[in-house]
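Peer 1: Here you go, one structure.
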Amino acid sequence: FVEKILRVQPNVKMLYLLVRASDSESATQRFHKEVIEKDIFRVLRNNLGANLESFLFERVTPISGDIRDENFGIKDSILIEEMWKEIDIVLNSAATTNFDERYDVALGINTYGALHVLNFAKKCIKLKVLLHVSTAYVSSERGGNILESPLHMEDTPKRTSRLVINAEKEVVEEYLDRLRVQGATNEEITSTMKDLGTKRAKLYGWPNTYVYTKALGEMILGQFHQNLPLAIIRPTMVTSTYKEPFSGWIEGARTMDGVINAYGKGRLKIFLGHPNSILDVIPADMVVNSIIMAMVTHANKSSQIIFHVGSSLRNPMKLSSLSIFIYQYFTQNPWIDRNGKSINVSQVKIFSSIASFQAYMDIQYILPLKVLWLANLVLCQYYRGLCINLNRKVRVVMRLVDLYKPYVFFTGSFDDSNTEKLRMAIRESDVDVNLFYFDPRCIDWEDYIMNTHIPGLTKYSMKP
């Protein structure tokens with residue numbers, strides 16, 4: 001987002017960029033190392049050469065802070081007054097995206113962080129719009145056509161329990177207090193908080209802590225934004241750039257990328273999911289373009305609007321298609337391991353039901369593990385280390401299956417009527433459609449996955 005703004009609108013007056021850091025010097029160092037030095041700035045770097053840093057620091061002010069705190073914990077009163085006076089657009093894309101994040105951490109960032117951003121935005125006297133980046137999967141595990149509808153406290157997927165956000169905060173504090181009194185280690189606290197997040201998410205009908213706490217964040221914004229212009233962008237699974245500033249750039253391995261990574265390295269032989277399940281993915285540059293256009297069109301409108309940004313409705317890609325694409329790619333371009341050896345891959349065996357997958361795991365791993373445990377007892381703990389290691393791996397696999405199950409059996413599609421109206425408005429205006437494209441219908445999935453996404457993933461995110 002920062003790169004796009006600076007490249008197409010170099011006369012922007014100022015971007016205040018919140019960076020989690022201990023002080024302003026550390027924030028500047030992080031901005032330099034984790035933003036400026038990234039390959040995403042290659043086009044600007046080539047255009048500006050030695051002038052890049054001066055260009056950036058004239059237009060971007062890194063701010064040391066944290067959205068988990070009121071006013072982001074900014075101590076400089078002069079700076080914060082300046083921000084409230086000058087800022088006219090607020091964008092919140094901060095989140096922890098771990099599916100099984102600690103509940104206290106996820107609640108602090110994804111839920112209360114959204115509230116802190118809203119409270120800050122209300123103090124900006126020139127504010128035209130607050131834009132919040134959420135996720136389409138706040139819809140939980142519903143199928144069918146999923147509308148761009150706001151979330152309300154009483155609209156939980158499971159209506160058996162009434163959701164009260166402040167009560168959830170109290171639950172977290174009670175658990176933490178109890179653990180501290182018991183003298184729990186940091187590892188025990190982390191494990192308990194992760195389990196608590198998953199438990200609370202499933203209690204109310206969400207599959208994991210991430211989408212649950214993002215849903216809570218949306219609920220807070222909807223309830224308290226009052227007349228403040230609020231646009232919520234709900235992207236699906238974000239993948240590498242389609243073409244801007246160049247194709248294939250990605251940072252980190254996203255949802256389906258962990259599967260591609262493991263498969264290319266020969267670690268993945270089987271996979272769980274229905275072959276006809278829809279993998280709703282959208283390139284990062286299309287998400288950024290939709291954010292910018294939503295800012296423009298929703299400015300000064302005292303209402304809330306939601307935009308689904310994905311591909312399942314207009315240009316769906318099936319799980320079976322992805323399995324073919326990755327097999328073809330790594331057959332033609334095998335991964336080279338640390339020893340310089342090519343990794344040979346075979347087609348992934350896809351289990352289309354939990355029952356068939358569980359039967360395979362029982363026969364191949366769980367029953368042999370039980371036999372090994374018995375041998376270990378007979379031989380006076382001779383295989384103890386091996387048993388513990390294999391048992392840990394099985395538990396990790398089954399936990400991942402539980403976390404990703406809602407996505408590999410996803411049958412719905414995300415309605416994008418508001419987003420389509422946004423596209424139509426751009427086509428009817430004098431805005432350069434080629435510069436602010438976000439229509440998934442233009443994507444050839446085989447070409448994109450084979451020639452853009454996986455090459456980008458192997459370059460930027462797949463480590464030896």
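Peer 1: What number comes out for the charge environment of LYS194, summing +1 per Lys or Arg and -1 per Asp or Glu over other residues with Cβ under 14 Å away?
Peer 2: Summing Lys and Arg as +1 and Asp and Glu as -1 gives -1.
Peer 1: ASN261: net charge of surrounding residues, Cβ under 10 Å, Lys/Arg +1, Asp/Glu -1, itself excluded?
Peer 2: +2
Peer 1: For the stretch 183-257, what relative contact order do you get, as a whole percent, if you take Cα pairs closer than 8 Å and at least 6 residues apart?
Peer 2: 13 percent
Peer 1: Follow-up question, since we're still on this one. Go through (1) 372; (2) 182; (3) 171 and flag the label whose value is the computed volume of the Cα convex hull per residue in Å³ for this structure.
Peer 2: Given (1) 372; (2) 182; (3) 171, the calculated one carries the label (2).
Peer 1: Moving on. Please work out the average accessible area per residue across the stretch 20-100, using the 1.4 Å probe convention, and give it in Å².
Peer 2: 56 Å²
Peer 1: Which distance in nm do the two modelled labels at VAL171 and TYR360 give, with both placed 7 Å along the Cα-to-Cβ direction?
Peer 2: In this crude label model, VAL171 to TYR360 measures out at 3.4 nm.
Peer 1: If you don't mind, there's one more thing I want to ask. Just add up the charged neighbours of PHE120: K/R +1, D/E -1, any other residue whose Cβ is under 11 Å from the Cβ of PHE120.
Peer 2: 0
Peer 1: Okay, next question. Given only helices, namely DSSP H runs of n ≥ 4 each adding -39500 (n - 2.57), what is the per-residue ellipticity at 222 nm of the chain, to the nearest 500 deg cm²/dmol?
Peer 2: Rounded to the nearest 500, the figure is -14000 deg cm²/dmol.
Peer 1: Still on this structure: What is the distance, in nm, between label points placed 7 Å from the Cα along the Cα-to-Cβ direction at MET424 and at GLU187?
Peer 2: In this crude label model, MET424 to GLU187 measures out at 5.8 nm.
Peer 1: Rounding to the nearest 20 debye, state how big the charge dipole of the chain is about its Cα centre with +1 on each Lys and Arg Cβ and -1 on each Asp and Glu Cβ.
Peer 2: 1300 debye
Peer 1: With a ≥ b ≥ c the root eigenvalues of the C-alpha gyration tensor of the stretch 185-343, is it rounded (a/c under 1.5), prolate (a/b larger than b/c) or oblate?
Peer 2: oblate
Peer 1: Filter the DSSP H helices in the chain by two things, a Kyte-Doolittle mean of at least 0.5 and an axial alpha-carbon span of 18 angstrom or more, and list the hits by number.
Peer 2: Counting only whole DSSP H runs, the qualifying helices are 284-298, 319-332.
Peer 1: With N set to the residue count of the stretch 329-411, report its C-alpha Rg divided by 2.2 N^0.38 Å to two decimal places.
Peer 2: In units of the 2.2 N^0.38 Å rule of thumb, it is 1.45.
Peer 1: Moving on. Taking a spot 7 Å from the Cα of LYS243 along the direction of its beta carbon, which residues of the stretch 450-464 have an amide N less than 19 Å from it?
Peer 2: Output list for this probe position: 450-456.
Peer 1: Taking a point 7 angstrom from the Cα of SER417 along the C-beta vector, which residues in the stretch 205-241 have backbone N less than 18 Å away?
Peer 2: Label zone hits: 232-234.
Peer 1: Residues of the stretch 309-461: accessible area per residue at 1.4 Å, in Å²?
Peer 2: 57 Å²
Peer 1: Continuing with the same structure: Can you order the peptides 200-208, 57-65 by their average number of other Cβ atoms within 10 Å per residue, highest first?
Peer 2: Ranked from most to least packed, the peptides come out as 200-208, 57-65.
Peer 1: Give me the extension gain from LYS122 to SER321: residue separation times 0.36 nm, minus the current Cα-Cα distance, reported in nm with one decimal.
Peer 2: That works out to 67.0 nm of additional length.
Peer 1: Can you pull the one-decimal nm distance between simple spin-label points at ASN333 and ASN434, each 7 Å off the Cα toward Cβ?
Peer 2: Label-label distance for ASN333 and ASN434, simple model: 2.6 nm.
Peer 1: According to the square roots a ≥ b ≥ c of the eigenvalues of the Cα gyration tensor, what is the shape class of the stretch 379-457, taking rounded for a/c under 1.5, prolate for a/b larger than b/c otherwise, and oblate for the remainder?
Peer 2: The shape class here is prolate.
Peer 1: Give the residue list of chymotrypsin sites (Phe, Trp or Tyr not before Pro) in the stretch 276-384 that are DSSP loop and have at most 13 other beta-carbon atoms within 10 angstrom.
Peer 2: TYR382
Peer 1: Moving on to the next point. Give me the percent of the accessible area of the chain that comes from carbon and sulfur atoms, probe 1.4 Å, all protein chains in place.
Peer 2: About 52 percent, which is the carbon plus sulfur part of the accessible surface.
The values are calculated or read from the model by the stated rules, or taken from the named source; none is laboratory data. Values in this document were obtained by computation on a predicted structure and should not be read as measured data. Positions of Cβ are generated from backbone atoms using ideal geometry, with glycine treated the same way; all protein chains shown enter the neighbour counts. Side chains included, ligands, DNA and RNA excluded: accessible areas come from the protein's heavy atoms. Shrake-Rupley method; radii C 1.70, N 1.55, O 1.52, S 1.80 Å.
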